[in-house]
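One structure below.
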Amino acid sequence: MTRATAALLVLSSLALPLSAQADPGGERTAIAVAFLAPVDNLEPVFNPGFQAGFQIHFNRESRFLGRFRMDYLRMDAKRPVLAGTQLTWTGSAWVSSPLMADSRMEAYSVAYEWMPHVEEPARHGLFGIFGVGGTLWNETMRAPNLFDGSHTDTKWGLTLSGGAGWRFNPTFSVEARYVYSDLTFHEHRDVRYGSTRSFLTCGATFRF
């Protein structure tokens, strides 16, 4: 391989990221972190928590931005929750009493959100958020006398999201979202905290 050929290959490889940046329809990846506040059925039981995730943005140079997002959230219970009942032998009879356990709620969600911007292109200014997806909910309860010390209750639901944000530049934006998860198809099974779970998030997205 001659030096000229090697130099051409090196320059070509360096030019690929630059051409991707210039691509009007090019996808961009992003990371997001947010403060999470449970509402409705979850608010009396759980403390505020956090959400973090990875995103892929489409049509970055268009006013009508879309994104695919994968998120993880976590929040802990304010106090021990009812995990069931336990039988205790008093010496003369078996007595049933509540079984309390510490609880941690975690969730993994996948969604697509449409983000129309007021100004074109989607580089700065106000934008809306409208999304649909699915969420897998895992509640882990821990107590010394609960099975092997812990038990995980798993449910999944259809998830809808809505909100608004402000983009400062092509890289950084802040936003607030309301997320609603519907678990009604679990109607004939044991669903803790009701058939819906909702929360608010307020955070930032870093796009690169």
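The values are calculated or read from the model by the stated rules, or taken from the named source; none is laboratory data. In this text, all values refer to a predicted model and were calculated from it rather than measured experimentally. Don't worry about glycine lacking a Cβ; one is built from the backbone with ideal geometry, like all the others, and counts go over all protein chains shown.
Yes or no: ARG197 at pLDDT 85 or above, more than 16 Å from ALA32 (Cβ to Cβ) and not hydrophobic (A, V, I, L, M, F, W, C)?
Yes: the conditions hold for ARG197.
Identify, by number, the condition in (1) loosely packed, with under 14 Cβ neighbours inside 10 Å; (2) at pLDDT 50 or above that PRO24 doesn't meet.
Of (1) loosely packed, with under 14 Cβ neighbours inside 10 Å; (2) at pLDDT 50 or above, only one is false for PRO24: (2).
Considering only residues that are at pLDDT 80 or above and among the small types (Gly, Ala, Ser), look in the stretch 79-111 and name the one that is surrounded by the most Cβ atoms within 10 Å (Cβ to Cβ).
Result: ALA107.
It is to be established whether one or more residues within the stretch 177-191 are under 15 Å from the mean Cα position of the chain (by Cα), at pLDDT 95 or above and small (Gly, Ala, Ser).
Within the stretch 177-191 (the criterion being under 15 Å from the mean Cα position of the chain (by Cα), at pLDDT 95 or above and small (Gly, Ala, Ser)), the answer is yes, since at least one residue qualifies.
Taking interchain pairs and intrachain pairs at least six residues apart, which have beta carbon atoms under 9 angstrom, with the first residue in the stretch 195-208 and free of Cβ contacts under 8 Å to residues at least 60 places away in the same chain and the second surrounded by 19 or more Cβ atoms within 10 Å (Cβ to Cβ)?
Sorted first by the residue in the stretch 195-208, then by its partner, the pairs are SER195/GLY157; SER195/LEU183.
Kindly indicate which of THR140, THR154, THR159 is out of contact with any helix residue (DSSP H, G or I) (no Cβ under 9 Å at 6 or more places or on another chain), β-branched (Val, Ile, Thr), without any contact (Cβ under 8 Å) to a residue 60 or more places away in the chain and crowded, with 17+ Cβ neighbours inside 10 Å.
Values: THR140 fails: crowded, with 17+ Cβ neighbours inside 10 Å; THR154 fails: crowded, with 17+ Cβ neighbours inside 10 Å.
When all the criteria are applied, what remains is THR159.
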